[in-house]
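Computed from the coordinates by the stated procedures, all read-outs in this text should not be read as laboratory data. Since this is a predicted model, take the numbers as computed values, not measurements. Here the Cβ positions follow ideal geometry from the backbone for every residue, glycine too, while neighbour counts run over all protein chains shown.
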Amino acid sequence: MLGGMSTDFFSLEQQPSGITHLRLNRAERMNTMTPAFFPAVRDAVQALNAAGTTRVLVLSSTGRHFSAGMALDVFAGANDLATMLDTGNARARLAFQDGLRQLMRCFDAIENARFPVIAAVQGGCIGGGLDLAAACDLRVCSADAFFTVQEIHIGMAADLGVLQRLPKIVPPAVAREMAYTGERVGAERALAVGLVNAVLPDADAALAQAMKLAEAIAAKSPLAMAGSKLAINYAVDHPTADALDQMTLLQSAIFDIGEMGRAIAAWKSKAPGEFAALKEVKAV
């Protein structure tokens, strides 16, 4: 369904082109995250994935910083996260594990979506903000952007995916340095190590670049795009021989001569292709 919506944490706008824009909207709180943020993002992305009309998702933010991560006040006092963080006995620790897995799966929804996701980052991409950005397919940033594994400064290991995803994005030694020191990685170094795809002068330019990439992606076959993402995601975690075996099965599932004909015609005419949306996934 095309149109827009807004939550306490972000706005969502779907365009006829197949580009959907999710923008964090808690600028006055540096776009910090509370426990309710995670399922809100998960549900929004899963709904877009199920509908099949989104060809690419652009994830951006408002204000000075992309996200300062988890709001520190949720670690204290009586709230849902504080309850989940109780590890005082064996039963509590078992519940902690289950609760943490549920939080992890919220960002897994971004990685597992059938469409690519592009993050446009400005200012600080801190702690949970970096977990969020690392789950995206592509990242662009403003010249004032910086990235930091903030959790090490508050006496904990980052636990929402950045330690698992970052070594597959940047050289492992860089990921270790970031995780062990918590030092800020500025925009130019982020570009040099492959954390971002481009550095732009400011937040508006970064968002414009993300939209430009999105337009290029949205013009391609969503079937081929979904297959490409599935193949790359699998190849990152598997040996080449296993990934080639997976590609054999995947290609046999998505190979479509008619789709290729439309893509070739669009490519030759330098015009957007006329591609059907992906099939809707009905809830069970």
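Listed values, structure above:
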| item | result |
| --- | --- |
| Top of 151, 274, 188 by mean-square fluctuation, Gaussian network on the chain, Cα under 10 Å | 274 |
| Dipole in debye (nearest 20) - region 222-269, about Cα centre, beta carbon charges: Lys, Arg +1; Asp, Glu -1 | 300 |
| Relative contact order computed over region 3-218 (Cα-Cα under 8 Å; 6+ residues apart), in percent | 19 |
| For the chain, calculated [θ]222 nm from helices alone, where every DSSP H run of n ≥ 4 adds -39500 (n - 2.57) | -14500 deg cm²/dmol |
| Fewest-first ranking of 269, 61, using other Cβ atoms within 10 Å as the exposure measure | 269, 61 |
| Under 12 Å, Cβ to Cβ, from residue 56 - net charge with Lys/Arg +1 and Asp/Glu -1 | +3 |
| Spatial separation of Cα centroids for region 1-76 and region 120-166, in angstrom | 16 |
| Dipole moment magnitude, nearest 20 debye, the chain about Cα centre, only Lys, Arg, Asp, Glu C-beta charged | 420 |
| For q = 0.13 Å⁻¹, Debye-computed log10 I/I(0) when each Cα of the chain counts as one equal scatterer | -0.93 |
| Top positive-direction residue, dipole computed over the chain with Cβ charges, set 52, 119, 104 | 52 |
| Estimated FRET transfer efficiency (residue 154, residue 242; beta-carbon r; R0 45 Å; 0.05) | 0.70 |
| Mean shadow area of region 177-284, taken as a quarter of the surface of its Cα convex hull (nm²) | 11.3 |
| For residue 55, distant residues with modelled amide H under 5 Å away | 19, 20 |
| Positive minus negative residues near residue 117 (Lys, Arg vs Asp, Glu; Cβ under 9 Å) | -2 |
| Cβ crowding within 10 Å averaged over residues, with 109-116, 122-129, 239-246 ranked highest first | 122-129, 109-116, 239-246 |
| Summed residue charge, Cβ within 14 Å of residue 233's Cβ, Lys/Arg positive, Asp/Glu negative | -1 |
| Placed amide H near residue 139: partners under 5 Å, 5+ positions off or other chain | 119, 197 |
| From phi via Karplus (6.51, -1.76, 1.60), per-residue ³J(HN,Hα) for region 229-244 in Hz, x at Gly/Pro | 5, 4, 5, 5, 4, 5, 5, 4, 10, 9, x, 4, 4, 5, 5, 5 |
| Extreme residue, positive dipole direction of the chain, given options 150, 269, 17 (C-beta unit charges) | 269 |
